[in-house]
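Single-structure report; data block below.
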Amino acid sequence: QPVTPELLVSPSSQDGDLGSECPEDRGNWTGRLDFLLSCIGYCVGLGNVWRFPYRAYTNGGGAFLVPYFIMLAICGIPIFFMELSLGQFSSLGPLAVWKISPLFKGVGMGTILIVSLVAIYYNMIIAYVLFYLFASLTSNLPWQHCGNWWNTDLCLDHHVIKTGNTTFPVNITNTVSPSEEYWSRYVLHIQGSSGIGNPGRIRWNLCLCLLLSWTIVYLCILKGVKSSGKVVYFTATFPYLILVMLLIRGVTLEGAWKGIRFYLTPQFDHLLSSKVWIEAALQIFYSLGVGFGGLLTFASYNTFHQNIYRDTFIVTLGNAITSILAGFAIFSVLGYMSQELGVPVNQVAKAGPGLAFVVYPQAMTMLPLSPFWSFLFFFMLLTLGLDSQFAFMETIVTAVTDEFPYYLRPKKASFSAVICIALFLMGLILTTEGGMYWLVLLDDYSAGFGLMVVVITTCLVVTRVYGMKRFCRDIHMMLGFKPGPYFRACWMVLSPATMMALLVYNIVKYQPSEYGTYRFPAWAEVLGILMGVLSCLMIPLGMVVAVLQEEGTLWERVQQASRPAMDWGPSLEENRTGMYVASLAGSQSPKPLMVHMRKYGGITSYENTAIEVDREIEEEEESMM
């Protein structure tokens with residue numbers, strides 16, 4: 001029996017009471033599809049249904065798909081893959097991952113601030129969806145006719161128009177549909193508020209819907225990815241079933257082709273406009289959810305060798321195809337509606353909440369079995385919204401528990417409850433009569449230029465400060481191959497340059513917020529801009545803290561703080577091959593890889609990679625000498 005010299009035995013393999021001091025295990029996904037479905041559920045959200053179709057038709061119809069797919073290739077796929085790689089390599093959340101370069105930890109703080117603000121108002125939208133879902137459980141939809149206590153003299157029923165067309169002309173320019181009055185005067189009760197500064201009373205039915213939506217979210221993330229990873233099997237797949245049903249119903253309606261033709265007729269002259277390219281990049285940016293930390297968080301629960309390269313293409317292309325399909329489902333119904341009302345399609349087409357809570361519900365009332373179709377539509381919106389909200393919450397909880405693993409990991413369920421209650425209380429202002437003004441303000445500013453600054457900084461830090469060569473080597477160690485020239489070119493130049501252009505465009509073309517005819521006062525604009533600036537200010541604030549924790553002259557401190565932390569690298573010991581073995585706590589071995597082989601047995605294909613990486617490092621060191 002050969003005796004192994006003490007030098008080659010890793011300290012962690014010796015018996016001792018060190019185990020009792022280790023933080024509780026983070027956990028992993030329990031099923032093979034948990035991660036993939038969670039990413040699909042996170043990316044495919046409300047924006048695919050209510051933003052993409054409208055953006056496409058206003059920016060050149062079918063021609064919009066050209067810049068859309070080009071921007072997906074330049075901006076979407078590379079940053080998506082970068083975020084997944086960072087999360088999976090380190091098994092850390094959006095704050096702790098900045099061990100890669102502690103000087104820039106403020107980027108993680110900015111991300112958490114943005115995600116918290118978005119989570120507050122996103123759950124309010126889910127609350128509106130729940131409100132409509134319950135309202136659909138009747139034999140007659142409440143927004144079908146005029147004559148209710150909330151209706152005004154301007155209300156005009158579409159049934160009246162239809163019968164009226166044959167006998168006398170009806171002037172519909174100064175009228176309002178029953179669905180619009182139901183939304184603004186009954187659901188929001190916006191007439192009770194004079195503006196953002198006077199929100200009025202809390203609408204208790206909306207408040208209860210918000211409480212219910214937070215309760216659903218909490219119950220689903222109660223056990224972290226172990227519970228949310230199972231819920232997404234339903235919430236990520238069921239919307240597709242409903243979308244296909246709505247699509248089949250839509251295209252079989254009379255006049256559907258009018259809407260589809262309107263949606264897809266290519267107007268190639270639009271491609272000469274910079275606005276169309278910017279709109280395409282914005283759609284990709286927000287639709288894939290890069291920069292919010294959700295992708296990084298989900299990837300951090302993967303096993304070390306999960307094929308995220310393949311998953312990147314499945315999720316990004318699946319997301320794009322879903323958006324296009326949703327456009328057919330929406331515009332086929334809008335075409336039918338325009339035929340019924342005898343007005344052009346562009347008069348009924350809207351984006352955002354206007355489409356989901358006014359136009360589409362009105363179209364539902366024109367169909368046979370309208371409560372059934374209405375229930376299906378809102379149930380689809382509920383499932384689309386929920387899995388995006390799971391991601392936002394998981395990001396916040398994971399980020400903070402990874403910072404304080406000893407204290408918070410064992411109490412993760414209680415900590416999640418505290419976060420949900422805090423965000424629910426902050427969101428109460430959105431349930432008031434003027435809550436919609438606050439929601440618009442949050443929507444316009446919380447994830448605007450602040451998010452872009454966060455993503456640009458991340459891109460530059462990984463490629464310039466940490467180093468492209470080192471990042472590619474990490475991916476090689478994890479996946480068994482290095483990213484090709486396409487990814488390297490995008491990370492180094494194309495992606496940051498495109499986002500810089502987006503940022504400049506957003507600042508130059510800045511327009512004050514508005515809701516319908518209401519213009520926001522100056523103080524509200526300033527508050528909105530501060531929301532965006534605060535997330536950017538986290539970056540210099542983090543730098544100051546990091547520099548103060550180092551020793552030496554200012555320049556030495558900056559250099560030390562920008563280098564990766566000593567414990568940066570894969571979280572599990574068996575994955576720390578090559579250069580990372582030497583950075584294990586207490587490692588004294590001159591031949592780290594031998595320790596690794598001694599402890600974990602033979603050479604796998606990934607250890608082969610590690611030997612290659614070691615050889616590369618040695619060659620680099622020799623060439624430098």
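The values are calculated or read from the model by the stated rules, or taken from the named source; none is laboratory data. Predicted, not measured: the structure shown is a model, and the values here were computed from it. Glycine also receives a Cβ, built like all others from the backbone with ideal geometry; neighbour counts cover every protein chain displayed. Quick note on the areas: whole protein, heavy atoms, side chains included, nothing else; ligands and nucleic acids left out. Shrake-Rupley method; radii C 1.70, N 1.55, O 1.52, S 1.80 Å.
Could you tell me whether any residue of segment 510-522 is assigned to a helix (DSSP H, G or I) and surrounded by 17 or more Cβ atoms within 10 Å (Cβ to Cβ)? Break it down stepwise before answering.
The initial filter retains those residues of segment 510-522 that are assigned to a helix (DSSP H, G or I), namely 522.
If we keep only those that are surrounded by 17 or more Cβ atoms within 10 Å (Cβ to Cβ) too, we end up with none.
There is no residue in segment 510-522 that is assigned to a helix (DSSP H, G or I) and surrounded by 17 or more Cβ atoms within 10 Å (Cβ to Cβ).
Can you tell which of V462, V453 is under 18 Å from the mean Cα position of the chain (by Cα) and among the hydrophobic types (A, V, I, L, M, F, W, C)?
Working: V462 fails: under 18 Å from the mean Cα position of the chain (by Cα).
Going through V462, V453 in turn, just one is under 18 Å from the mean Cα position of the chain (by Cα) and among the hydrophobic types (A, V, I, L, M, F, W, C): V453.
I'd like the full set of residues that are open to solvent by 40 Å² or more (accessible area, probe 1.4 Å) and of a type outside the set (F, W, Y), limited to segment 368-411. Give the steps one after another, and end with the answer.
Start the filter on segment 368-411 by keeping residues that are open to solvent by 40 Å² or more (accessible area, probe 1.4 Å), which leaves 368-369, 372, 375, 379, 403-404, 406-407, 410-411.
Once the filter is applied, which keeps residues that are open to solvent by 40 Å² or more (accessible area, probe 1.4 Å) and of a type outside the set (F, W, Y), segment 368-411 yields P368, L369, E403, P410, K411.
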- Item | Unique match (being open to solvent by 80 Å² or more (accessible area, probe 1.4 Å) and in contact with a Gly (Cβ under 6 Å, 6 or more places away or on another chain)) among L554, L541 | L541
- Mind counting the residues in segment 138-159 that are open to solvent by 60 Å² or more (accessible area, probe 1.4 Å) and either of a type in the set (K, R) or closer than 13 Å to M366 by Cα (or both)? 3
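Scan segment 259-284 residue by residue and report those that are open to solvent by 60 Å² or more (accessible area, probe 1.4 Å) and in a helix (DSSP H, G or I).
Within segment 259-284, R261, F262, F268, D269, L272, S274, K275, W277 meet the criteria.
Under 29 Å from A96 (Cα atoms) and of a type in the set (A, V, I, L, M), is that true of M436?
On the way: under 29 Å from A96 (Cα atoms): no; of a type in the set (A, V, I, L, M): yes.
So M436 fails the test.
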- Find all pairs meeting these conditions: Cβ atoms under 8 angstrom apart; at least six residues apart or on different chains; first residue within segment 188-200 and more than 13 Å from T431 (Cα to Cα); second residue among the hydroxyl-bearing types (S, T, Y) and buried (at least 20 other Cβ atoms within 10 Å of the Cβ). G195/Y437
- Message: Out of everything in segment 220-247 that is of a type in the set (S, T, Y) and surrounded by 15 or more Cβ atoms within 10 Å (Cβ to Cβ), what residue ends up being farthest from F378 (Cα to Cα)?
- Response: S227
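Does F313 qualify as being assigned to a helix (DSSP H, G or I) and either touching a strand residue (DSSP E or B) at 6+ places or on another chain (Cβ under 9 Å) or under 21 Å from L253 (Cβ atoms) (or both)?
Working: assigned to a helix (DSSP H, G or I): yes; either touching a strand residue (DSSP E or B) at 6+ places or on another chain (Cβ under 9 Å) or under 21 Å from L253 (Cβ atoms) (or both): no.
Criteria not met by F313.
To keep it simple, each residue is scored yes or no on (1) open to solvent by less than 40 Å² (accessible area, probe 1.4 Å); (2) modelled with pLDDT under 95; (3) small (G, A, S).
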| site | (1), (2), (3) |
| --- | --- |
| Q1 | no, yes, no |
| L7 | no, yes, no |
| S10 | yes, yes, yes |
| P23 | no, yes, no |
| A63 | yes, yes, yes |
| P78 | yes, no, no |
- Say whether the condition of being more than 30 Å from Q191 (Cβ to Cβ), under 21 Å from the mean Cα position of the chain (by Cα) and open to solvent by 50 Å² or more (accessible area, probe 1.4 Å) is met by at least one residue in segment 474-494. no
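For segment 285-309: of the residues being of a type in the set (F, W, Y) and over 11 Å from the mean Cα position of the chain (by Cα), which is surrounded by the most Cβ atoms within 10 Å (Cβ to Cβ)?
So the first thing to find is which residues in segment 285-309 are of a type in the set (F, W, Y), and the list is 285-286, 292, 298, 301, 304, 309.
If we keep only those that are over 11 Å from the mean Cα position of the chain (by Cα) too, we end up with 298, 301, 304, 309.
Details: F298: 31, Y301: 25, F304: 17, Y309: 17.
Among those that are of a type in the set (F, W, Y) and over 11 Å from the mean Cα position of the chain (by Cα), it is F298.
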- Query: in the same structural domain as V176 (by the TED database), closer than 19 Å to D443 by Cβ and touching a helix residue (DSSP H, G or I) at 6+ places or on another chain (Cβ under 7 Å) - does that describe any residue in segment 132-145?
  - Reply: yes
- Message: Looking at (1) closer than 27 Å to V225 by Cα; (2) out of contact with any helix residue (DSSP H, G or I) (no Cβ under 6 Å at 6 or more places or on another chain); (3) in contact (Cβ under 8 Å) with a residue 40 or more places away in the chain, which one does L381 not meet, given that it meets all the others?
- Response: (2)
- Query: Which of the residues belonging to segment 226-243 are over 18 Å from K412 (Cα atoms) and without any contact (Cβ under 8 Å) to a residue 12 or more places away in the chain?
  - Reply: L241
- Task: Go through (1) without any contact (Cβ under 8 Å) to a residue 40 or more places away in the chain; (2) not in a helix (DSSP H, G or I) one by one and return the number of the condition A447 breaks.
- Result: (1)
- Quick one: W50 ticks every box in (1) hydrophobic (A, V, I, L, M, F, W, C); (2) modelled with pLDDT of 80 or more; (3) surrounded by fewer than 22 Cβ atoms within 10 Å (Cβ to Cβ) bar one, so which box is it? (3)
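Picking from S414, S446, which residue would you name as being within 28 Å of L222 (Cα to Cα), surrounded by fewer than 21 Cβ atoms within 10 Å (Cβ to Cβ) and hydroxyl-bearing (S, T, Y)?
On the way: S446 fails: surrounded by fewer than 21 Cβ atoms within 10 Å (Cβ to Cβ).
The match here is S414.
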- Among the residues listed as V418, V397, V359, the single one being in the same structural domain as S535 (by the TED database) and farther than 29 Å from N302 by Cα: V359
